Amino acid sequence: MPSSAEKGLQVLPSPPGRLITDCIGHTPLLRIRLFEDAAPDLRVLGKAEFMNPGGSVKDRPALRMVVEAQRSGQLGRGQMLLDSTSGNTGVAYAMLGAAFGFPVKLVVPDNVGDERRRLMLAYGAELVLSDPQEGSDGAILLCREIQVGDPDRYFTPDQYNNPLNWRSHYDTTAVEIWEQTEGEVTVFLAGLGTSGTFIGTSRRLKEFNPAITCVSLQPEDAFHGLEGLKHMASAIVPGIYDPAVADRSLAGPTGAAYDLAARLAREEGILTGHSSGLALWGVERLVEEGLRDGVVVLIFPDGGARYLSSGLYGAP
């Protein structure tokens, strides 16, 4: 039988390139040198989640929740995705809505950073603004009101209570860290927002090696300036949060987190957000307590470019 070429037909190659969703995950570990003078034998590595296409660690759970909802029929044709967010998950939802072709409505506190608000709008999301004094909790409650008012119209992933949130990190983030460190990671640190990153990654790392020390981080008081993080004692606690997963739980100051994020940018050229600064504070605390060797991995959830108006890097 003659081939297509022999018939005179043009044979087109497979379309080049990747889908934007194919670029989520497999973020690099960056060497951090801030603590090398105090602990020269300690390797500190930052997981650069700001290199995900949506700019944050939240791309991972958002993709998992959306794909599973489409597969199960929960997010069907004509339905709108609705969820509350402090910003990063909202950006991820908005990006996925544009990529997959479904509408997105997001409930965000009215004081959410201008950069993240503009990003969500740029992807075509509809924003509903909640009381800024009530923070992320206020957005959660308003989102519930909207969903109850028209349940057939909306699919709500409910990132704070959806187990697929932490499962996404159990299946990807933790495996990447284990492979990238060749199984040598000894300490893992991450901040608590929905808590999915810390819970999922820690659970899987503990299965790889129960001796790994997993340290959770949160603001030291309710009136903090660390967007995306929760002071658990004063907040609506996410249903996926399990405090027993942490070997240690540290509460840190906003000012020190800002200072360390600024140092990382100016001394190492790595521009990160508020929560990354708190993770750096956690490493500094461990070094002050005597940690001198091993391999520490911390999560850099997002980049600093979306916080330029917040004062993180000086007056906007």
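A compact table of results
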| read-out | value |
| --- | --- |
| Cα gyration tensor, the stretch 59-155 - rounded (a/c under 1.5), prolate or oblate | oblate |
| Within the chain, helix-based [θ] at 222 nm, where runs of 4 or more DSSP H residues each add -39,500 (n - 2.57), nearest 500 | -10500 deg cm²/dmol |
| Cα shape, the stretch 223-316, gyration tensor, a/c 1.5 rule | oblate |
| Inter-centroid distance (Cα atoms) of the stretch 98-131 relative to the stretch 245-299, Å | 29 Å |
| Listed residues S234, G200, G273: farthest to the positive end of the dipole of the chain (Cβ charges) | G200 |
| Taking the chain and dividing mean pair separation by its residue count, relative contact order in percent (alpha carbons under 8 Å, at least six apart) | 20 percent |
| The chain - charge dipole about Cα centre, Lys and Arg +1 at Cβ, Asp and Glu -1, debye rounded to 20 | 780 debye |
| Highest-MSF residue in the chain out of G273, G183, G200 [GNM, Cα springs under 10 Å] | G183 |
| Positive-pole candidate from G101, A305, I24, dipole of the chain, charges at beta carbon | G101 |
| Excluding exposed DSSP-loop trypsin sites (Lys or Arg not before Pro) (at most 16 other C-beta within 10 Å), longest clean stretch of the chain | 154-291 |
| Contact order normalised by residue count of the stretch 59-155, Cα under 8 Å, 6+ apart, percent | 31 percent |
| Volume in Å³ per residue [convex hull over Cα atoms, computed for the chain] | 177 Å³ |
| Span-like helix ranges in the chain, DSSP H, alpha carbon extent 15 angstrom or more, Kyte mean at least -0.5 | 88-100, 135-149, 196-208, 254-268, 274-288 |
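Each value in this text was obtained by applying a stated rule to the coordinates, not by laboratory testing. Nothing here was measured: the structure is a model prediction, and the numbers come from that model. When we count neighbours, we look across all protein chains shown, and the Cβ atoms used for this are built from the backbone with ideal geometry, even at glycine.
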